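Working notes, beginning with the structure itself.
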Amino acid sequence: MKFALLVAILAEDLEEKAIDVAKDAGAGGVTLLDARGIGAKEKKTFFGLTYEGSQTVLICVLEKKLSLAVMKALTVKLDLAKHSKGVVFTVPLDHIAGIDTRQLERFEERIKDDI
């Protein structure tokens, strides 16, 4: 079974919706990280204070085929293609240990349903 790491770097205001979308698309669990980004544009200032936009990083370990479905769902439902409020990508995983056996069982059921 092949796995992928799905990473979504999103504007903080999309965090809750992104979690719901990922779970509805089949992600069993999501790890969240707080982040700050440095973009190509100048930062907004207000009375000499620079606004640093907060971001959320969602990380999921998923079966490869499922990772593409979750990525597509996030892209469409969060409208990332238009509003550049985030980026989603996957990274193939060669080795993995410690994944929840219930997650593996769900992957196996999904594969059986596809056959």
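The values are calculated or read from the model by the stated rules, or taken from the named source; none is laboratory data. What you see is a predicted model, and the numbers here were worked out from it, not measured in a lab. So basically every Cβ, Gly included, is an ideal-geometry build from the backbone, and we count neighbours across all protein chains shown.
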Any hit, region 41-49, residues being at pLDDT below 90, surrounded by 11 or more Cβ atoms within 10 Å (Cβ to Cβ) and among the small types (G, A, S): no
Residues that are touching a residue at least 60 places away in the same chain (Cβ under 8 Å) and either among the hydroxyl-bearing types (S, T, Y) or part of a strand (DSSP E or B) (or both), drawn from region 1-39: F3, A4, L5, L6, V7, A8, I9, L10, A11
Any pair with Cβ under 7 angstrom, 6 or more apart, that starts in region 50-61 at a residue that is at pLDDT 95 or above and ends at one that is in a loop (DSSP other than H, G, I, E, B): L58/V30
Qualifying positions in region 54-105 - assigned to a strand (DSSP E or B), more than 16 Å from A4 (Cβ to Cβ) and over 14 Å from the mean Cα position of the chain (by Cα): S54
